[in-house]
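Structure first, commentary second.
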Amino acid sequence: MPESEIVDRENFIYSLQTRLAEGQSIMLAGPRRIGKTSLANEVLRRLKKQGLYIASVDFFRASSKRKIAESIIDSCLENRTGIRKTLDAVWDQAKLLAGSAKIAVKLKDLEFNMGFPKKEMDEETLLEYALNLPEMLSEKDNKRMVILFDEFQDAGQIAGQEIYKQMRSIFQLQRRVSYLFLGSKEGMMQSLFGGKKHAFYRFATVLPIPEIPEDAWKSYINRKFKDKQIEINRDAVLVEVIRLAGGHPQDTMLICSEAYYTLLETGQQVLTSDIIKIAYERAMASLTPVFDEILDEYKKPLQRDILRRLAVRENIYTESKHPNEVKRAVDQLLISGVIEKEKRGRYRFVEPMLQEYILRNY
């Protein structure tokens, strides 16, 4: 996402950039599709412009220890070579020789100074090398490095919980590397970094992602439509967009996008409440597969019943279910980031459009 599409987060981005550049590691947690990765990528872009090395690994896309290791190595070496699949070039000398001579020299230099992993290495050895590489590369090139680990809570499911201890034992000795940990399962991330028995206890500073104020949303939406020579007939239209999406970043932008295309298709140039209603329905339709995928994770009748009760604002505790059973189900929903706690005994949907989807279909 381009910098211009990030709404009212300048102070937060600057804070992240400063902390990471100074050597502090940060943890950000929150549900998927609220803009964490966009924020993080903008921070990395600025850090790279500042002259730091950057790397990024998405654990959601990894399937094994080997894939994790290869992703770390490739992303780190890209700072030197500009090639995303640098490891393939290292392991395929014919491909390397056919490429740029400058890149070949850069790789040979690193190979001589640090040694390179062999293709036949087992995944444990390769992972150990990968976890140590950021500090080795930073020291060799006299650069500070910042590494983004996205969906970090998935690392334990992919490689076993021991990977956290292995990482912590290596990371805590590194002096030139900072880490930005992102996770969509807030409960798991809070436990990883806040639980005294967990390996990453107090390793990173935990920062809340600030909500976007209504005035900032109104200003952003107004500017985007004005840039397209579209008039907004009254302020209440902007408020309606924000209310329908509940301030959820991606859903707000989706409604605006659908409104824009509705205007194009109808040949109109004024954004009205009627256009917003059409845009909302089109946005709901496009989100159907997303919401179905979310709800597929909750196949147990009790979880489905709790989601339905929360959607219609009924009491989730009933005589037919033991309170402990209900609490366990609610805790699972909280951990996954579908709902959040308002106050004791009261919860709300993180994404109001998901609540509306449940109301319509369950």
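The values are calculated or read from the model by the stated rules, or taken from the named source; none is laboratory data. All of these numbers come straight from a predicted model, not from anything done at the bench. Neighbour counts are summed over all protein chains in view; Cβ atoms, including those assigned to glycine, are modelled from backbone coordinates with ideal geometry. Accessible surface is based on the protein model in full, side chains and every heavy atom, while ligands, DNA and RNA are left aside. Shrake-Rupley method; radii C 1.70, N 1.55, O 1.52, S 1.80 Å.
Measuring how big region 166-270 is from its alpha-carbon positions, Rg and Dmax come out at 21.2, 62 Å. Counting heavy atoms of the protein chains alone, T266 has an accessible area of about 80 Å² for a 1.4 Å probe.
Over all Cα atoms in region 111-236, the spread is summed up by Rg and Dmax: 21.4, 67 Å. Helical content alone sets the calculated 222 nm signal of the chain at -18500 deg cm²/dmol, taking -39,500 (n - 2.57) per DSSP H segment of four or more residues and averaging over every residue.
Cα convex hull, the chain: 174 Å³ per residue, rounded to a whole number. Report the percentage of all Cα-Cα pairs in region 2-47 whose separation exceeds 12 Å, rounded to a whole percent. Of all Cα-Cα distances in region 2-47, 62 percent exceed 12 Å.
For region 228-362, compute Rh as the Kirkwood radius over C-alpha pairs and then the Stokes-Einstein diffusion coefficient at 10 °C and 1.306 mPa s; write the answer in µm²/s, rounded to an integer.
Working: Rh = 16.4 Å.
The calculation lands on 97 µm²/s.
Order the peptides 337-343, 38-44 from the highest to the lowest mean number of other Cβ atoms within 10 Å of their residues.
38-44, 337-343
If you roll a 1.4 angstrom probe over the protein chains with everything in place, what fraction of the accessible area of the chain belongs to carbon and sulfur, to the nearest %?
Numbers: 9070 of 18750 Å².
Carbon and sulfur atoms account for 48 percent of the accessible area of the chain.
Three principal axis extents of region 207-260 based on alpha-carbon atoms, in descending order, are 38, 19, 19 Å.
For K343, a cut-off of 30 angstrom between C-alpha atoms picks up these lysines, skipping any fewer than 8 places away in its own chain: K36, K185, K196, K197, K218, K299, K300, K321, K327.
Per residue, the chain exposes an accessible area of 52 Å² to a 1.4 Å probe, with every protein chain left in place. Angle between the Cα long axis of helix 36-50 and the longest principal axis of the chain, 0 to 90 degrees, nearest 10? The angle comes out near 40 degrees.
For A285, what charge total do you get from the other residues with a beta carbon under 14 Å from its beta carbon, if Lys and Arg give +1 and Asp and Glu give -1?
On the way: positive: K277, R282, R360; negative: D251, E258, E281, D292, E356.
So the environment of A285 carries a net charge of -2.
Of all lysines in the structure, those lying under 21 Å Cα to Cα from K119, and not within fewer than 8 positions of it along the same chain, are K65, K67, K85, K95, K106, K108.
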